[in-house]
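The values are calculated or read from the model by the stated rules, or taken from the named source; none is laboratory data. Keep in mind that what you see is a predicted model, and the values were worked out from it rather than measured. Backbone-built Cβ (ideal geometry, glycine too); neighbour counts: all protein chains shown.
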Amino acid sequence: MNLTRRKWLGLASAFGAVHLLGRQTAYAQPAPLFVEVPPSSSGITWVHENAMSPSRYLPEALGPGCAFLDFDNDGWMDIFLVNSGPSDFWKPTKPVRNALYKNNRDGTFTDVTEKAGVSGAYFGMGVAVGDYDNDGWPDMFVTAYGKCILYKNNHDGTFTDVTEKARLATPGWTTSAVWFDYDNDGRLDLFVCSFVDYSGVRKLECGNNKIGRNYYCVPRVFKPTASFLYHNNGDGTFTEVSKGTAIAQALGKGLGVVATDVNNDGRTDLFVANDTVQNFLFVNRGPGPNGRWNWDEIALQAGVGFSESGRPRSGMGVDAADLAGTGWQDLFVANVDHEMYSVYQNNHDETFRDAATTHGVARSTRLLSGWGLKYFDYDNDGAIDLFLANGHPDDMIDSYSMQVKYKEPLLLFHQGDDHKLHDVSDQAGPVFQQYFPARGLAIGDFDNDGAIDVLIGNNGGAPLLLKNTAAKGNNWLGLKLEGTQCNRDGIGAKIYWTAAGKKRFRLKNNGGSFLSSHDAREVLGVGSANKIDELEIHWPAPSKRIDTFAQIPINRYVRVVEGSGVFG
Amino acid sequence: MWKPILLLILGLRAVAPAQTPQELIQDAISKQQAGDLAGAVPEYRQFLKIQPEATAIHSNLGAALAGLGRFEEAVAEYRTALRQSPALPGARLNLALAYYKMGRIADAATQLTRVHAEDPKNDQAVLLLGDCYLRMGQDKDVIRVLQPAEKTHPDDLAIAYMLGTAYIHEKQVEHGQVLVDRILRNGDSAEAHLMLGTAKMGVQDFAGARDEFAKAVALNPNLPQVHVLYAKALQLTGDSDQSLKEYKAELAVDPFSFESNLQIGAMLRQEQTYDEAAQYFNRALQTRPGDPAARYQLAVIALDQGKADDARRELESLVKESPQFTEAHVSLSIAYYRLKRPADGKRERDIVQKLTAEAQAKQPGAKAQ
């Protein structure tokens, strides 16, 4: 052994603790469940610019978000992709812009960004799509490090930046955002996750790693911030209403948010995944005596704030759905490697129990870091499944970890007859054998075949469009809800459908995943049933109207208009 | 490193009126010396029915039982012997050895402290006491006990290793370096790789540490703590599967390795195999009675299993002892809420928020650069 005195003196004695790591996989498969649609086929040639610098400024590591939206109302899902941009730590040497791709209805897309006027101007992060002005056309809110942008849809294939006019010029570093109607006045309000306070500390360099370069700082070192809740005034403007509420008091490092109703009281709640500090569960308690809205932050007592060892985790992606089929919303959070992801089962009393181990999710995700994700019924058998997009935030992790890699595999879980999630990634197709620096994930049916497809934003790379081939043989009904008294998007509606003697339920949540926004339509899977015997829509307040329909033909999309009926 | 002490019978009184007891005891001693411990034990017991005050025979029986791995019974015999004759030569050291074998490291240290006080030149007691302190994480005591021994036994690598490790833990790098140099002079030894790996861990060179520990394991898989340190380095470099194997390997060498029991228990608890996890935590507590980390894990298992009041009791005790133990406050808050004590739950939650804010304020990014 060769150890000199000098070498020895160079070694310090303090033990540090950095938890890094990985996953091993082995695949081999025939009939794929999802098939990659390559850029040569789709025409989507846009590539995310992560602006990766030798200094490794943290905003570089987070994007991009993505969305499925029908911006031109032609009934076909278009695609929006968020890019980075000029910032106080990066001046692009060549043009960098977002991308809006129009669906050509033949499996290809056309870049219409310039014409649409949605190129962006800041270091973009994510996107939240919602019809905030109830005009029937989707608008977009783009989050960023720097400044957010609200793009109002002009109904002619173009958008207008109305951020200042709408009073939504949110400062700092915003990530995921979600449209929802917290006060049930029929207009979509906006919640915007704020990540860390990066102002004035952007030059903080997180040391030299084992290969002598800077690495991305763990967000633990940065100051937490409060997220923002904006009330829709109904006149094209918004008012920030979080001040004085639990939302402003809860200092976090928000990355993911889903709007749902955890206690079935008809008021939409918010579940926020935070990185390195506890998650937040903001329960909507309705109007308070002083005119201020009441929010309770109950994540700790609900059992969703910390790990079961009482430690905050690195929460990133998040979602909610009635996974167990009990009529109550269950939650999901993806964390960083070795923290396990969480499958929070609703105990129906504003508490949850982490069933990730029971579902096999803990074991499959032990070495992964999860961002974009979604609970949805990918095979239209009527039960909720799960899709996870993963990737380690540290691009140099491969150099000093034996198991954890920067690029990670996608994961697909199918809900079996035992009501448990089963990892079927090994059988899901070649794309599940590949590795990606995945971040945002959006779901949407871009070819209108009733099988929900997936779009993934890769950090510093091309997006990944996956066509769903798993739902063949199962029947479905696609709904486009149109509120007339409630918000136009019907967010918060409860959908009950009965087919072949089985009654199922879905709450129209909004948000979920990471930095991304999804096809606003709901696809109801009915398996082998050849019709839907009964469909019930419980519209959210203010009307709380219940519309009931019988004998609905299947395997097509329909519009359901509040109080008016079903339209083919 | 150390070996059990077999007491020989001295001054055995004649057993009147018959020769039978004398023959009995001579036969038992012969069997014990010949290695037939199972044959010796019943004869000792039979003899002690006749002569229960035969202090040395209790001690001999203890040694035979210890040799058979029946440590609980051995401890009882040693204690009887020491009650009858507190200064009985070797009995206390044997009692300490039995405790050590049982993983009752703190009890072993208590007995060894007495042996060391009464006989400071007893090298075996010194070495064993140093080892106990090292296992209990009492590095300052390791240094206190082994520093003089190292001066009189400068070539003893075991002492150099333990003392050097304690120095490194205590950040006394210069002192540690002297001992490392001494070990390195002896060539490619497991001890040297172990200390080098420990030092590399200190500068967060986990991959380097992992490689050193791997070499140490290859050279001497029975070196105390070698598997634990290798397991830690593996964990920190992302190989948790191999890490688990190494923790288990340490338990094969030392069933009462605190770190191994704690870590394996934590992994099992994460897998929600609560009963098995509890066994590991309880064994960890045998090595380090009252250890907050092991007690916390057991409290959380109770909480997970719906025994909120059991959890509350332990957690209240923990936060009283360690007011900065944030995780315990989190779990205690949850326990209170589950027990429908929201005011107490909120109080704990406020403490969590205060502790979190304090920790956050210490982060470099909390201040503008």
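Screening A:Glu408, A:Glu350 for residues that are of a type outside the set (A, V, I, L, M) and touching a helix residue (DSSP H, G or I) at 6+ places or on another chain (Cβ under 9 Å) leaves exactly one candidate, A:Glu350. Taken over region B:80-90, the criterion of being in contact with a helix residue (DSSP H, G or I) (Cβ under 7 Å, 6 or more places away or on another chain) and of a type outside the set (Gly, Ala, Ser) is satisfied by B:Thr80, B:Leu82, B:Gln84, B:Leu88. Considering region B:80-191, the qualifying helices (runs of 4 or more DSSP H), each wholly inside and each with 2 or more residues that are away from chain A (no Cβ under 14 Å) and more than 22 Å from the chain's Cα centre (by Cα), run over B:139-152.
The condition of being aromatic (Phe, Trp, Tyr) and more than 19 Å from A:Ala99 (Cα to Cα) holds for only one of A:Phe180, A:Phe123, A:Phe141, that being A:Phe180.
Of A:Tyr132, A:Tyr101, A:Tyr151, all but one fail to be in a loop (DSSP other than H, G, I, E, B), among the aromatic types (Phe, Trp, Tyr) and touching a strand residue (DSSP E or B) at 6+ places or on another chain (Cβ under 8 Å); the exception is A:Tyr132.
In a residue-by-residue description of region B:232-241, the property of being aliphatic (A, V, I, L, M), modelled with pLDDT of 90 or more and under 26 Å from B:Gln172 (Cβ atoms) applies to at least one position.
Does at least one position in region A:276-299 carry a residue that is under 29 Å from B:Leu234 (Cα atoms), buried (at least 20 other Cβ atoms within 10 Å of the Cβ), in contact with a strand residue (DSSP E or B) (Cβ under 6 Å, 6 or more places away or on another chain) and within 11 Å of chain B (Cβ to nearest Cβ)? Yes: region A:276-299 contains one or more residues that are under 29 Å from B:Leu234 (Cα atoms), buried (at least 20 other Cβ atoms within 10 Å of the Cβ), in contact with a strand residue (DSSP E or B) (Cβ under 6 Å, 6 or more places away or on another chain) and within 11 Å of chain B (Cβ to nearest Cβ). For region A:212-225, indicate whether the set of residues that are closer than 24 Å to A:Ser517 by Cα and out of contact with any Phe, Trp or Tyr (no Cβ under 9 Å at 6 or more places or on another chain) is non-empty. Within region A:212-225, not a single residue is closer than 24 Å to A:Ser517 by Cα and out of contact with any Phe, Trp or Tyr (no Cβ under 9 Å at 6 or more places or on another chain). Annotation: A:Ser41 fulfils all but one of (1) more than 20 Å from A:Arg521 (Cβ to Cβ); (2) among the small types (Gly, Ala, Ser); (3) assigned to a loop (DSSP other than H, G, I, E, B); (4) more than 21 Å from the chain's Cα centre (by Cα); the unmet one is (3). The helices (runs of 4 or more DSSP H) found entirely in region B:271-352 that carry 2 or more residues being surrounded by fewer than 23 Cβ atoms within 10 Å (Cβ to Cβ), without any contact (Cβ under 8 Å) to a residue 12 or more places away in the chain and acidic (Asp, Glu) are B:274-287.
Quick grid of which residues meet (1) part of a loop (DSSP other than H, G, I, E, B); (2) touching a helix residue (DSSP H, G or I) at 6+ places or on another chain (Cβ under 8 Å); (3) closer than 30 Å to A:Tyr378 by Cα:
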position: A:Asp235; (1), (2), (3): yes, no, no
position: A:Ala248; (1), (2), (3): no, no, no
position: A:Leu255; (1), (2), (3): no, no, yes
position: A:Ala324; (1), (2), (3): yes, no, yes
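State whether the residues of region A:300-307 include one that is within 12 Å of chain B (Cβ to nearest Cβ), touching a residue at least 24 places away in the same chain (Cβ under 8 Å), closer than 26 Å to A:Gly391 by Cα and surrounded by fewer than 22 Cβ atoms within 10 Å (Cβ to Cβ). Yes, region A:300-307 contains a residue that is within 12 Å of chain B (Cβ to nearest Cβ), touching a residue at least 24 places away in the same chain (Cβ under 8 Å), closer than 26 Å to A:Gly391 by Cα and surrounded by fewer than 22 Cβ atoms within 10 Å (Cβ to Cβ). Filter region B:192-207 for residues that are surrounded by fewer than 24 Cβ atoms within 10 Å (Cβ to Cβ) and either more than 8 Å from chain A (Cβ to nearest Cβ) or hydrophobic (A, V, I, L, M, F, W, C) (or both) and give the result. Within region B:192-207, B:Val203, B:Ala207 meet the criteria.
Within 14 Å of chain B (Cβ to nearest Cβ), within 23 Å of B:Thr356 (Cβ to Cβ) and touching a residue at least 40 places away in the same chain (Cβ under 8 Å): is that true of A:Ala226 in this structure? Taking the combined requirement at face value, the residue does not satisfy it. If you take the residues of region B:208-228 that are within 22 Å of the chain's Cα centre (by Cα) and not in a loop (DSSP other than H, G, I, E, B), which of them is nearest to the other protein chains (Cβ to nearest Cβ)? Looking at the filtered set, the residue picked out is B:Ala216.
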